[in-house]
Amino acid sequence: MTEPLLRIEGVSCYFPIGGGQVLRAVDDVSLDLHEGEIVGLVGESGSGKSTLGKLLIGLNHKSGGTVRLDGRALPRHYRSRDFRAQSAIMQMIFQEVYSALSPRMTASEIVMEGLRLADNGRYSPEALQAQARSWLERVGLSAAHMNRYPHEFSGGQRQRLGIARALALQPKLLICDEPVSALDVSVQSQIVNLLENIRREMGIGILFIAHDLSMVRYISDRIAVMYLGRLVEVGPARQVFENPAHPYTQALLASNPVPDPVLERQRQHQPIQGEVLAPIGPATGCRFAPRCPHADSLCLGQQPEQRPHRQGDWLVACHRV
């Protein structure tokens, strides 16, 4: 089997909160992502999804574990030269794209910025302009947008601009942090279809972070479910959605609305009961145990490890499965 494009092994990210305690935002996470694959990372708000994405890109520091990208180990703390070295391999699309775009730069300058920093003078100004125009057109914008500023674009257009900027260096890995959550539904489908086309044309790997389960099911090859900093289930998208194994995954999917309004009104919605524990200090048991209807003394006292479920690439961290 070929080496994965991205290999995350036992990665953690802790934040000190005073009194000698730490918040375990990401705790002992292991995940592989192969070239040309889309892995959907889902979970409730506060589960650590975005923290993990920012850790991979270098905006958060690792507290432990290793990350290998394209066969090379990534540093624990990024320095300026590390950001520049990894930018040609890995890029990120941010949830709040307006905050990620400089209001003082035009669309063409935003797309050209990465190329200008990476080319070491190889491209002439005319060639950079041509590259910017090509990428803007590739994501559904046009040459007429080149001299516009971010505030002159709609939300969907700004997201396309963010995608063009990320793809200009032709990276092998794209991290999408809630790329469609702030957009209208019709625009969401356009952006997701654009990402799918990019994956097919460029063979790029994508980590798609989202809370919209229907969108994740549509675009992903595999699903990784995160709860309070830990992965509780990782497996093929279709199998996980049709027959979820972990109680938390089951509860998430049960809360996802169905597209038929008649059936949706007839459904019996049962919210997850119990208290959400803060991931502070070492976990002594399953973090979902206080909310799980199947929890027993083993779940409360011993943290479950990921084990194969039905097939080798389907992993579940639950004592009861």
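Some points to look at:
- Cβ-based net charge around residue 271, under 14 Å, with every Lys or Arg adding one and every Asp or Glu removing one: 0
- When shorter helices are ignored and each DSSP H run of at least 4 residues is given -39500 (n - 2.57), the per-residue value for the chain at 222 nm works out to -10000 deg cm²/dmol.
- Summing +1 for each Lys or Arg and -1 for each Asp or Glu among the other residues whose beta-carbon sits under 13 angstrom from that of residue 307 gives -1.
- Neighbour-count ranking [beta-carbon atoms within 10 angstrom, fewest first] of 15, 208, 288: 15, 288, 208
- Whole-angstrom gap from the range 35-49 to the range 211-255, using each part's C-alpha centre: 9 Å
- Approximating the spin labels as points 7 Å out from Cα along Cα→Cβ, the residue 321-to-residue 211 distance works out to 2.3 nm.
- Kirkwood Rh in Å, taken over all unlike Cα pairs in the chain: 20.9 Å
- Residues of type aspartates and glutamates that residue 54 reaches as a straight line, Cα spacing below 19 Å, ignoring anything fewer than 8 places off in the same chain: 9, 27, 28, 32, 44, 70, 82, 96, 177, 178
- Segment residue 102-residue 267, extension gain: residue separation times 0.36 nm, minus the distance between their alpha carbons: 54.8 nm
- Residues of the range 210-245 with amide N under 18 Å of a point placed 7 Å along Cα→Cβ from residue 311: 217-225, 233-245
- The overall shape of the range 226-321, judged from the alpha-carbon gyration tensor, is oblate: a/c is not under 1.5, and a/b is no greater than b/c.
- Using equal-weight Cα scatterers in the Debye expression, the normalised intensity of the range 105-169 in log10 at q = 0.15, 0.17, 0.18 Å⁻¹ is -0.38, -0.49, -0.55.
- Each of 204, 8 was scored by other Cβ atoms within 10 Å of its Cβ. Arranged with the fewest first, they read 204, 8.
- When the Gaussian network model of the chain links Cα atoms closer than 10 Å, the mean-square fluctuations of 283, 25, 210 top out at 283.
- Neighbour counts of C-beta atoms inside 10 Å place 227, 98, 14 in the sequence 98, 14, 227, starting with the fewest.
Rule-based calculations on the coordinates, nothing more; no lab input. Please read these numbers as outputs of a predicted model, since none were measured by experiment. Heads up, the Cβs are rebuilt from the backbone with ideal geometry, glycines too, and the neighbour counts pull from every protein chain shown.
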